[in-house]
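Only one structure is covered here, and it is reproduced in the block below.
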Amino acid sequence: MLITSHAEPDGDAVGSLIALGLAIGKLNVKTTLYNESPIPAVYRFLPSVERIVRHIKKANTYDTAIVLDCGDVDRIGDVSSVVTQIPIIINIDHHVSNTGFGDIQLIDEDACSTAEIVYRLIKALPVPMDKAIATCLYTGILTDTGSFRFSNTNQAAFAISREMAGLGMEPYDVAQHV
């Protein structure tokens, strides 16, 4: 399985990518976490950030691609033509501008971030949420809400953040990095 997010990633793209990869990995599913761009220095503190690769194998290596936080498949970058050859493409996003690409779309325009949607998915999986996943999800929510200042800040943003803090995520530590 390939999991990817948009090139030139922000905290939501990186946090969602790692969180979902960690959760799916707990199901013993082999995953490749991909982003075309170097991960910005402010997000290199995230747990398992080193798992994100900048090159992928041929499309026939993967049976499924999960594309996170991309309104259009081309936002993945130069490998979008390879990704579109993967048999199943799952599009998970919160942008109103999403083009609806892929075989399965999970687009929630009311979500504060893709991390909010990924949180709901992980909660539905038979895997425990842990501090590493919590740190990644919180980072995604924090950055996409502008530290809870943007109009997309919703009740879920606060509820999820509270739960992530309860799992050991340190808001101060994340804030110091981002």
Does at least one position in region 103-125 carry a residue that is farther than 28 Å from residue 41 by Cα, of a type in the set (Val, Ile, Thr) and open to solvent by less than 30 Å² (accessible area, probe 1.4 Å)?
no
Can you tell me which residue among 140, 146, 168 is of a type outside the set (Asp, Glu), open to solvent by less than 30 Å² (accessible area, probe 1.4 Å), in a helix (DSSP H, G or I) and out of contact with any Phe, Trp or Tyr (no Cβ under 7 Å at 6 or more places or on another chain)?
140
Would you call residue 30 open to solvent by 50 Å² or more (accessible area, probe 1.4 Å), of a type in the set (Lys, Arg) and under 26 Å from residue 164 (Cβ atoms)?
no
Residue pairs qualifying under the 6 Å Cβ cut-off, at least six apart or on distinct chains, with the first in region 52-66 being without any contact (Cβ under 8 Å) to a residue 40 or more places away in the chain and the second being part of a strand (DSSP E or B), are 52/33; 53/34
Mind telling me which of the residues 147, 161 ends up being closer than 23 Å to residue 21 by Cβ, of a type in the set (Gly, Ala, Ser) and modelled with pLDDT of 95 or more?
161
Restricting to region 20-51, and then to whatever is within 23 Å of residue 87 (Cα to Cα) and assigned to a helix (DSSP H, G or I), can you tell me which residue is nearest to the chain's Cα centre (by Cα)?
20
Flag for residue 98 being within 12 Å of residue 4 (Cα to Cα) and open to solvent by less than 40 Å² (accessible area, probe 1.4 Å):
no
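In region 52-80, which residues are open to solvent by 80 Å² or more (accessible area, probe 1.4 Å), of a type in the set (Asp, Glu) and part of a loop (DSSP other than H, G, I, E, B)?
63, 78, listed by residue number.
The values are calculated or read from the model by the stated rules, or taken from the named source; none is laboratory data. Quantities reported herein were computed from a predicted structural model and do not represent experimental measurements. Neighbour counts are summed over all protein chains in view; Cβ atoms, including those assigned to glycine, are modelled from backbone coordinates with ideal geometry. Ligands, DNA and RNA are excluded from the accessible area calculation, which covers all protein heavy atoms including side chains. Shrake-Rupley method; radii C 1.70, N 1.55, O 1.52, S 1.80 Å.
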